[in-house]
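As C-alpha cells, the structure follows; a few thoughts come after it.
The values are calculated or read from the model by the stated rules, or taken from the named source; none is laboratory data. Given the structure is predicted, the values throughout are model-derived calculations rather than measurements. So basically every Cβ, Gly included, is an ideal-geometry build from the backbone, and we count neighbours across all protein chains shown. Side chains included, ligands, DNA and RNA excluded: accessible areas come from the protein's heavy atoms. Shrake-Rupley method; radii C 1.70, N 1.55, O 1.52, S 1.80 Å.
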Amino acid sequence: MTPKGKILVTRSLPGNALERLREKGYQVEVHEGLFLPREDLLKRVEGAIGLIPTVEDRIDAEVMDRAPELKVIACYSVGVDHVDLEAAKARGIRVTHTPGVLTEATADLTLALLLAVARRVVEGVDYARRGLWRAWHPELLLGMDLQGATLGIVGMGRIGQAVAQRAEAFGMKVVYTSRAPKPLPYPHLSLEELLATSDIVSLHTPLTPETHRLMNRERLFAMRPGSILINTARGGLVDTEALVEALKGHLFGAGLDVTDPEPLPPGHPLYTLPNAVITPHIGSAGRRTRERMAEIAVENLLFALEGREPPNPVV
Ligand code: NAP
C-alpha cells in the first residue's frame, strides 16, 4: 500500500487507536518522550497532513506554516485553548476535540481534590508518614464539613453538571453561574453573588480571552473568608500570585489540577503552602477514558482526512 501521508502524534497514547490509522495506510509518527520541545515540534510537523497534539503543545500559526499540507488538528482533549483557532480557520485546517468522554473522570478528580482540601487529607497523610501521629485529639486537623456547604460552580457545562450531581450526593447545596441560565434545578447567580455565598467555588469554564484571569485578585478576595477554590479547568483562569496571597489567611485552601504556569516549576510558592493540594493535570487520566479519547481523536482525524464532517468539530 502506498503511504497516504504522515500523521504526527505528539505523545504515545494508551490503547490501540493508532493501529486503525496504520491499517488504513497512514504513516504514523509518534513522539515517545515525556514532552516535545518546541524546536522538535516545528521540525517533526513538517510534511504532516494530520496532527494529534496534547494540551501541552502550543499549535499556532508558526506550527501550521511548517506543514502546508496539514488538513486536520485532532486535539486529544476537550479544551482547545492551546490551538490558534483563527489561524487554523484562515488556512482551511479542521480542528476537532474530545468532548463528553472525559466528563465523568474529570468530575471525579474534582471531587477528589475537594475532599482532599476540605478534610485536609494530604496534610493528614503527611502527618502520619512523618511519625507525628502519637494520639487522637479532638482538635487535630479540623476541616470543612461538606454536608450543608454551598458549592458554587462557575461554568455549568458537561463537567460542571457532573460535579453538581456528585456534590448533591454529599449533601451540598449547589449554585452556579454561566453566561446563560440553564434548565437545571439549581439557582443561577451572577459571579459576584456566587463568590459571596459559596463555601467552595469550583471552576469549569473553558479558557478564552473572556475567562482569562476570571479569578483575579479582587474576585479571590471577594470569596468568603475560609472558603475553598477548586480548579480542574485551566490554570489561566486564576491569577496565581494573588492566589498564593489569598491562601495565606483569606482562603481555607485550594485544590488545583491545572496551574499557571503549567507545569508548575519545582520550588514554586504554591508547593510550600500546606493548604494547596496540587495534582499534575490528571483530570481525565482514567485508563478507559484516555483510551476512548484516543479512539475519538482518531475517528475525528479520519473523518476530516476523508473529507467528511468530523463528529466533534471545533473549526
Ligand atoms: P462545556 O460543556 O463546554 O462547559 C463549559 C461551560 O462554561 C459552558 O456551560 C458555558 O456555559 C460556560 N462558560 C463559558 N464561558 C463562560 C463565562 N465567561 N462565564 C461563565 N461560564 C462560562 O465544557 P466541559 O466539557 O464541561 O469542559 C470545561 C473545561 O474543562 C474545558 O474547556 C477544559 O479546559 C477543562 N477540562 C480540564 C480537564 C483536566 O484534565 N483537568 C479535563 C477536561 C476538561 P455558557 O455558554 O452558558 O456560559
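Worth pointing out:
- Normalised size of the range 48-162, defined as Cα radius of gyration per 2.2 N^0.38 Å with N residues, equals 1.64.
- Nearest-10 value in Å² for the accessible area of Glu23, using the 1.4 Å probe: 130
- Cα gyration tensor shape for the chain, rounded if a/c is under 1.5, else prolate or oblate: prolate
- Among Arg120, Arg38, Arg58, residue whose mean-square fluctuation peaks in a GNM of the chain (springs only between Cα atoms under 10 Å): Arg38
- The stretch between Glu39 and Lys89 holds 15.6 nm of extra length on full extension. This uses 0.36 nm per residue minus the Cα-Cα distance.
- Distance from the alpha carbon centroid of the range 126-170 to that of the range 210-242 works out to 18 angstrom.
- Global form of the range 141-241, assessed from the alpha-carbon gyration tensor, a/c cut-off 1.5: oblate
- Other residues with beta-carbon under 11 Å from the beta-carbon of Glu295 carry, at +1 per Lys or Arg and -1 per Asp or Glu, a net charge of +1.
- For the chain, the solvent-accessible area with a 1.4 angstrom probe is 49 square angstrom per residue.
- Our summary gives the range 1-146 a relative contact order of 16 percent, counting only alpha carbon pairs under 8 angstrom and 6 or more residues apart.
- Pairs of Lys residues in the chain are counted when their Cα atoms are under 24 angstrom apart and they lie 8 or more places apart or on different chains; the count is 13.
- Neighbours of Ala128 by Cβ distance under 15 Å: Lys/Arg scored +1, Asp/Glu scored -1, total +3.
- Spin-label proximity, Ala285 to the range 75-106 - amide N less than 13 Å from point 7 Å beyond Cα toward beta carbon: 106
- Helical runs (DSSP H, four residues minimum) scored at -39500 (n - 2.57) apiece and divided by the length of the chain put the mean residue ellipticity at 222 nm at -9000 deg cm²/dmol.
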